[in-house]
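**Student:** Let me give you the structure first, and then I'll get to my questions.
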Amino acid sequence: FDWLFSGAIKDQTLYDHSKYNSLDPFSDDLIALMEELKFGPVVFVGHSMSGMIGCSASIKRPDLFTNLVLIAASPR
(Lines give C-alpha, C1' and ligand atoms only; values in the text may rest on other atoms or scores of the structure.)
Protein backbone atom coordinates (compact mmCIF):
# COMPACT_ATOMS: atom_id res chain seq x y z
CA PHE A 1 0.00 0.00 0.00
CA ASP A 2 1.04 3.62 -0.34
CA TRP A 3 0.97 6.13 2.49
CA LEU A 4 -1.32 9.11 1.91
CA PHE A 5 1.65 11.45 1.59
CA SER A 6 3.31 9.45 -1.19
CA GLY A 7 3.45 10.62 -4.76
CA ALA A 8 1.61 7.46 -5.82
CA ILE A 9 -1.64 8.75 -4.30
CA LYS A 10 -3.59 10.55 -7.01
CA ASP A 11 -6.08 12.30 -4.70
CA GLN A 12 -3.82 14.56 -2.63
CA THR A 13 -6.84 15.87 -0.69
CA LEU A 14 -6.82 12.62 1.30
CA TYR A 15 -3.75 13.82 3.22
CA ASP A 16 -4.74 16.13 6.08
CA HIS A 17 -1.73 18.03 7.47
CA SER A 18 -3.54 18.79 10.74
CA LYS A 19 -4.35 15.10 11.33
CA TYR A 20 -0.99 13.65 10.34
CA ASN A 21 1.21 15.82 12.55
CA SER A 22 2.78 12.85 14.38
CA LEU A 23 3.37 9.13 13.89
CA ASP A 24 0.25 8.17 15.86
CA PRO A 25 -2.31 8.71 13.07
CA PHE A 26 -0.09 6.79 10.65
CA SER A 27 0.24 3.88 13.07
CA ASP A 28 -3.54 3.96 13.61
CA ASP A 29 -3.99 3.72 9.82
CA LEU A 30 -1.57 0.78 9.67
CA ILE A 31 -3.41 -1.02 12.47
CA ALA A 32 -6.78 -0.37 10.79
CA LEU A 33 -5.45 -1.73 7.49
CA MET A 34 -4.06 -4.84 9.18
CA GLU A 35 -7.37 -5.42 10.97
CA GLU A 36 -9.37 -4.91 7.77
CA LEU A 37 -7.18 -7.39 5.86
CA LYS A 38 -7.04 -9.74 8.86
CA PHE A 39 -3.24 -9.63 8.91
CA GLY A 40 -1.35 -10.63 11.99
CA PRO A 41 0.75 -11.50 13.56
CA VAL A 42 3.25 -10.43 10.89
CA VAL A 43 6.90 -9.72 10.34
CA PHE A 44 6.80 -6.02 9.52
CA VAL A 45 9.44 -4.60 7.17
CA GLY A 46 9.66 -0.83 7.15
CA HIS A 47 12.04 1.61 5.53
CA SER A 48 12.69 5.12 6.83
CA MET A 49 9.52 6.72 8.25
CA SER A 50 7.56 3.50 7.65
CA GLY A 51 9.91 1.75 10.05
CA MET A 52 9.05 4.18 12.80
CA ILE A 53 5.34 3.88 12.00
CA GLY A 54 5.70 0.11 12.41
CA CYS A 55 7.44 0.64 15.76
CA SER A 56 4.62 2.87 16.95
CA ALA A 57 1.94 0.43 15.75
CA SER A 58 3.71 -2.52 17.39
CA ILE A 59 3.71 -0.72 20.75
CA LYS A 60 -0.03 -0.06 20.44
CA ARG A 61 -0.89 -3.55 19.18
CA PRO A 62 1.92 -6.02 19.92
CA ASP A 63 -0.43 -8.90 19.11
CA LEU A 64 -0.27 -7.95 15.41
CA PHE A 65 3.53 -8.23 15.12
CA THR A 66 6.07 -11.01 15.65
CA ASN A 67 9.15 -9.13 14.45
CA LEU A 68 10.16 -5.76 13.04
CA VAL A 69 12.74 -5.39 10.30
CA LEU A 70 13.81 -1.75 10.22
CA ILE A 71 15.82 -0.46 7.28
CA ALA A 72 17.34 2.99 7.81
CA ALA A 73 14.49 3.87 10.15
CA SER A 74 14.40 7.52 11.10
CA PRO A 75 15.48 8.16 14.71
CA ARG A 76 13.15 11.17 14.98
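**Student:** Does anyone have the angle between helix 23-36 and the longest principal axis of the chain? Alpha-carbon axes, 0 to 90°, nearest 10?
**Tutor:** The two axes meet at around 70 degrees.
**Student:** Right, another one. Roughly how many nanometres apart are two label points built 7 Å out from the Cα toward the Cβ at ASN21 and VAL43?
**Tutor:** 3.9 nm
**Student:** Continuing with this model, one more query. About the Cα centre of the chain, what is the dipole size in debye to 20, counting +1 per Lys and Arg Cβ and -1 per Asp and Glu Cβ, all else neutral?
**Tutor:** It works out to roughly 200 debye.
**Student:** How large a share of the accessible area of the stretch 1-71, in percent, is made up of carbon and sulfur atoms when the probe is 1.4 Å and the other protein chains stay in place?
**Tutor:** Whole-percent figure for carbon plus sulfur exposure: 59.
**Student:** Which lysines, on any chain, are close to LYS60 with Cα under 19 Å apart, when same-chain ones fewer than 8 places away are left out?
**Tutor:** Leaving aside lysines fewer than 8 places away in the same chain, those within reach of LYS60 are LYS19, LYS38.
**Student:** Could you work out how far helix 49-60 tilts from the main Cα principal axis of the chain, as a 0 to 90 degree angle to the nearest 10?
**Tutor:** The angle comes out near 60 degrees.
**Student:** Not counting the cut sites, what is the longest span of the chain without chymotrypsin sites (Phe, Trp or Tyr not before Pro) that DSSP labels loop and that have at most 15 other Cβ atoms within 10 Å?
**Tutor:** Result, exposed sites excluded: 40-76.
The values are calculated or read from the model by the stated rules, or taken from the named source; none is laboratory data. Being a predicted model, the structure only gives us computed values, none of them experimental. No Cβ is skipped: glycine too gets one built from the backbone with ideal geometry, and neighbour counts run over all protein chains shown. Areas reflect the complete protein model, heavy atoms only, side chains present, ligands, DNA and RNA absent. Shrake-Rupley method; radii C 1.70, N 1.55, O 1.52, S 1.80 Å.
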